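Following: one structure in structure tokens, then a few remarks.
The values are calculated or read from the model by the stated rules, or taken from the named source; none is laboratory data. In this text, all values refer to a predicted model and were calculated from it rather than measured experimentally. Please note: Cβ atoms are built from the backbone with ideal geometry, for glycine as well, and neighbour counts cover all protein chains shown.
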Ligand SMILES: NC(=O)c1ccc[n+]([C@@H]2O[C@H](COP(=O)([O-])OP(=O)(O)OC[C@H]3O[C@@H](n4cnc5c(N)ncnc54)[C@H](OP(=O)(O)O)[C@@H]3O)[C@@H](O)[C@H]2O)c1
């Protein structure tokens, strides 16, 4: 048995009478763990409860690449930050796996989006919907936010990079601003500036559920959200995928996908 973690898609390819939860030949998206190799007739088998039909407009790889990061973004922006129409948000790492989905969801929610990326990714971030792009290599993002907001600050900071963002975020915030982080950091952080902003912090470790997949699917169907796959590797080449992830300045945008099914190696995302 092979435990593949939480990014997956699966498709039943034969008329096995069990399990009973779905119709064979349908394609599904699941946000949870799955196993493969147990059933001769079904190359992947969902071992936990929540699944949903794949949106028609997405390829299998695109659908598989969205489940974890999409659920994370939904939890961060909708559930925790409660981002509202007309508010502003700073999304750190705007072309990363999480960040590129966060920009699109924040725009769909009616927010003004600021994001930190390298200059080489400015255009891509704008195509995702970013209103203001900040080159994190050349400019301090606190200065950039204060300049672009006339000293007002943003309503929400979404931290996907860690480091000292928890202590620096209050400097970019408007009054009653919210900071949502998905990165665990072992660095001690001084949050004293948060008092003056009446700031609130949210720490997210993604909890997936069917409802989030439904909401994300609605955005996909309206053309407001599409995951981007920056690279595709076969199961055998997972070490190469890890090597790419660990390479600084790797130029990667969006997600890396692993194509498990041999015939899907050439599937275009
Ligand atoms: N808590 C949860 O539930 C949860 C869920 C999903 C992910 N995560 C965590 O969230 C983090 C991000 O995940 P991911 O999948 O989005 O990773 P990713 O695809 O590697 O994206 C990270 C992005 O951050 C950018 N970046 C690096 N340093 C930066 C800086 N100083 N300022 C601005 N951008 C910077 C990188 O761009 P460059 O090309 O410029 O380096 C890259 O685009 C990871 O630590 C992951 O473990 C947590």
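Number of residues in the range 156-187 that are closer than 17 Å to residue 99 by Cα and in a loop (DSSP other than H, G, I, E, B) equals 7.
When the range 134-146 is filtered for residues that are away from the ligand (no atom under 11 Å from the Cβ) and outside any loop (DSSP other than H, G, I, E, B), the ones remaining, listed by number, are 142, 143, 144, 145, 146.
Which members of the range 100-129 meet the condition of being away from the ligand (no atom under 13 Å from the Cβ) and either under 16 Å from the mean Cα position of the chain (by Cα) or in a helix (DSSP H, G or I) (or both)? Selection gives 104, 105, 106, 107, 108, 109, 113, 123, 126, 127, 129.
Being surrounded by 13 or more Cβ atoms within 10 Å (Cβ to Cβ), within 16 Å of the ligand (Cβ to nearest atom) and either free of Cβ contacts under 8 Å to residues at least 24 places away in the same chain or not assigned by TED's automatic domain parsing to the domain that holds residue 108 (or both): is that true of residue 254 here? Reasoning before the result, please.
Working: surrounded by 13 or more Cβ atoms within 10 Å (Cβ to Cβ): yes; within 16 Å of the ligand (Cβ to nearest atom): yes; either free of Cβ contacts under 8 Å to residues at least 24 places away in the same chain or not assigned by TED's automatic domain parsing to the domain that holds residue 108 (or both): yes.
Criteria met by residue 254.
Among the conditions (1) touching a residue at least 24 places away in the same chain (Cβ under 8 Å); (2) over 30 Å from residue 84 (Cβ atoms), the only one that residue 245 does not satisfy is (1). Restricted to the range 189-217, and to residues there that are within 13 Å of the ligand (Cβ to nearest atom) and not in a loop (DSSP other than H, G, I, E, B), the residue that is surrounded by the fewest Cβ atoms within 10 Å (Cβ to Cβ) is 203. Put simply, of 49, 86, 94 the only residue that is buried (at least 21 other Cβ atoms within 10 Å of the Cβ) and either modelled with pLDDT of 95 or more or outside the structural domain of residue 199 (by TED's automatic domain parsing) (or both) is 94. Looking across the range 158-178, the residues that are more than 12 Å from the ligand (Cβ to nearest atom) and under 18 Å from residue 110 (Cα atoms) come down to 174, 177, 178.
Scan the range 218-242 for residues that are in a strand (DSSP E or B) and either within 18 Å of the chain's Cα centre (by Cα) or in contact (Cβ under 8 Å) with a residue 60 or more places away in the chain (or both) and the total you get is 4.
So how many residues does the range 179-188 have that are crowded, with 16+ Cβ neighbours inside 10 Å and without any contact (Cβ under 8 Å) to a residue 60 or more places away in the chain?
At the first step, the residues of the range 179-188 found to be crowded, with 16+ Cβ neighbours inside 10 Å are 179-183.
Narrowing the set further to residues that are without any contact (Cβ under 8 Å) to a residue 60 or more places away in the chain leaves 179, 181, 183.
So the count comes out to 3.
For the range 147-155, the criterion of being in a strand (DSSP E or B) and either closer than 24 Å to residue 84 by Cβ or under 23 Å from the mean Cα position of the chain (by Cα) (or both) is satisfied by at least one residue.
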